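Just below is one structure, and these are the notes that go with it.
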Amino acid sequence: MRRIFLLIFFIAFSFGIASQNANQKLSQYINPFIGTGGHGHTFPGAVLPFGMVQLSPDTRTQGWDACGGYYTADNSILGFSHRHLSGTGMTDFADVLFTPFSGKLKMGNNNLQEYYPLNFSHKNENASAGFYSILFDNGIKASLTATTRAGFHQYEFPSKESGIIIDLHHNLNNQKVLESSIEILSNTEIRGMRLTEGWSKRDYVYFYAKFDKPFTVQLYKNNQAVDGKLLKDENVKAVLYFENPKTVKVKVGISPVDDKGAVQNLNAEISDWNFGKVKKAAENAWEKQLEKIKVEGGSQNEKVIFYTGLYHAFIHPSTYSDVDKRYRGQDLKIHTLKSGTYYTVFSLWDTYRAQMPLVDLVFPSKTNEFINSLLLKYQQGGLLPMWDLAANYTGTMIGAHATSLIADAYTKNIRGYDTELAYKAMMRSVPYDTTGIKVNHPAIWEWLMTKGKKYNQEMGFIPADKDVIFATSRGLEYAYNDWALAQVAKDMGKTEDYNFLTERGLRYKKYFDKETGFMRALDSNGKFIGPFNPSFSDHMNSPYCEGNAWQWTWFVPQDVPGLIDLMGGKQAFEKNLDALFNTTAKVEGTEASADISGLIGQYAHGNEPSHHIIYFYNFLDKGYKTQELADKIMREQYRNAPDGLSGNEDCGQMSAWYILSSLGFYQVAPGNPTYTLSRPLFDKATIELENGKNLIIKTINNSASNKYIESVSLNGKKLDSLFFSHNQIAYGGELVFKMTDKAKK
């Protein structure tokens, strides 16, 4: 009888544990504070997947670590603004700041820290998927959540004398406010707008705010009180006072189009005053996204890093069309979509490498929307953007990686867009030709239509002695971009274009110096420029972009066999690759780029140009070295902590590298729909594909010491190489790794 009782108890207990595990939310593993320290440049506030609103606290306005508005070392908050960039290396947004206060408010001399004294302790701070809250030292508690196009604030006040400041002059790193306005519509409603010049040269934001309590209000111009209900100026604020408020809720809709759009966005997305309901909906929205990939096994910290990475990978690009489908186009005019959603914040130099391939795998319909947005930008502006921000060509970074994104989708048979228009747009990015290009600020011309492209067209390479910064990096990236486009031309039967682009894709060879074994800068005569130091980096006066010769020598993802031949064969290639990871040489240069971080030797995992390099060992059939490095990077350079990233998050790229690598594969050259094997971290992963199929990844004998692959099978058939195609997993299946502690040399 006792045995029967124990058996029943064990079954019931096991069932209870299983039920508890089944009910666990994946969103519990999101830690929005990862990346808010170090130089990750993330923010901890409320946002929905690919949302227009990123409602988050701002702790500082100046310096490189103000890029996300928030920095974990700070202990005071200026207020909560409605748009932020996740992990970028430049600052913008921070629009429409709301700051609660208690007691008598003293307006003073333009110093935010003086009249917004909101000190706090991190122990009183909480953040989760779609939610942020803070209890300030003065007793005010602020809670934030969001929908796609609206923010929801809830403030709890300890004092009868309390209120909220709405500040339209607040900015990051000296953005210039060109125009702003605040209008009091009633004792519960305010609307306004602001136009700024910063990284995005003309950025329009309209807002409509509705409060659940009546207020009295005083408007300020340059911190001087003024009468009236409508105020227009470059520096405007509204101070709202509430009578014995206890709790005040405010809903804020924003729009890039007009105040009508802001009102419609708010009314469509937040219909009542139920803060908890909106918070729950935000959590559910994230849960739905996270359920696309379910992992089992691994440590608690590994799951937090993985799902926070998935969270960061799905913040940008950002919605930029209103609920009525109007949007501000690349010509700064208002347009209306026929269907779908229009997006902005395309950090293409970063995200084409892993974040976009991750989206391709789990959200190909989203990829189609992104490409359709890029094609609209081409039609309205005359050129595919390099770094698109709020209907602006910023001209930031190098290359033509809209081509990389589109060509990769095309070769994966993701084609929910006009493919002929896409081809035309990509081809337009090849020559130096300013005809028909519309930019909204002349300062970006040198970046957009760089002389580098002109020299590449006329001379077949880009000389570094012609006042072209990053000349060598530009030449290498254009070679890759042209190769990617050649793959599309080949499939479309455009033989002449294919031959033309293929030749351009091989131009990387011109920069390789066989004597030193590095990619080097060329002069106008095609001769290498000396003296040469492969460790030297100068952020804005160098042939290399955010790096040096150690890192950029390996930027030939499109033709690894060709690079192997250039270096003298597999043995020499492996020796050079080993030297990259094992050298004791230090980065040199008084103006060396801060982006050269996460170093293993001279491999810099903290910046994107290095992200594919560890996978080159697979081309030598030395996969154990890839597996060792993948394991080392995932365990040492990603942590469940504010400084848990070794470099900028860069709109999800840093995290996407981890996600794909930890699943067991990585794509070296987008445009070639081939994956190569990594070191899987989890015992099992189930990827839910949009076509209704599942890709199941199992890892047998998985442990910290068993980091080497003994064998791999795909759909029951043993892989005879370290590579497989996108087409082999796009329709589901089972990928099984068998691990061992012995390197397969």
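Here are a few things to note about the model shown:
- Here the range 337-419 is described by how far its Cα atoms reach on the three principal axes: 30, 29, 18 Å, from widest to narrowest.
- Counting protein heavy atoms only, the chain has 48 percent of its accessible area on carbon and sulfur, 1.4 angstrom probe.
- Within the chain: Cβ-based charge dipole about Cα centre, in debye rounded to nearest 20 (Lys, Arg +1; Asp, Glu -1): 1540
- Here the 3J(HN,Hα) profile of the range 382-387, calculated from phi with Karplus coefficients 6.51, -1.76 and 1.60 at θ = phi - 60°, is x, 7, 5, x, 8, 9 Hz, Gly and Pro shown as x.
- Pairs exceeding a 32 Å alpha-carbon distance, out of K366/K451; K277/K333; K221/K251; K160/K237; K288/K453: K366/K451; K277/K333; K288/K453.
- Adding -39500 (n - 2.57) for every DSSP H run of four residues or longer, then dividing by how many residues the chain holds, sets the calculated 222 nm ellipticity at -8500 deg cm²/dmol.
- Net charge, P214 excluded, C-beta distance under 13 Å - Lys, Arg +1, Asp, Glu -1: 0
- Among S610, L645, S703 - extreme Cα towards positive end, dipole of the range 589-703, charges at beta-carbon: S703
- Whether the chain is rounded, prolate or oblate, judged on the alpha carbon gyration tensor where a/c under 1.5 counts as rounded: oblate
- In whole percents, the pair-distance distribution calculated for the range 146-208 from its alpha-carbon pairs, binned every 10 Å from zero, is 16, 40, 33, 9, 0.
- Angle of helix 471-491 to the longest C-alpha principal axis of the chain, folded into 0 to 90 degrees and rounded to 10: 80°.
- Under a 5 Å amide H cut-off, with hydrogens placed 1.01 Å from N, L185 pairs with I190, R191 among residues at least 5 apart or on other chains.
- Heavy-atom accessible area per residue - the chain, 1.4 Å, Å²: 37
- Packing-based ranking, highest mean first, of 542-551, 527-536 given that Cβ atoms within 10 Å are counted: 542-551, 527-536
- Full-stretch length increase - Q218, T686 - with 0.36 nm per residue and alpha-carbon distance subtracted: 162.9 nm
The values are calculated or read from the model by the stated rules, or taken from the named source; none is laboratory data. All figures in this text were calculated on a predicted structure; none of them were measured in a lab. Glycine gets a Cβ as well: all are built from the backbone with ideal geometry, and neighbour counts include every protein chain shown. Areas reflect the complete protein model, heavy atoms only, side chains present, ligands, DNA and RNA absent. Shrake-Rupley method; radii C 1.70, N 1.55, O 1.52, S 1.80 Å.
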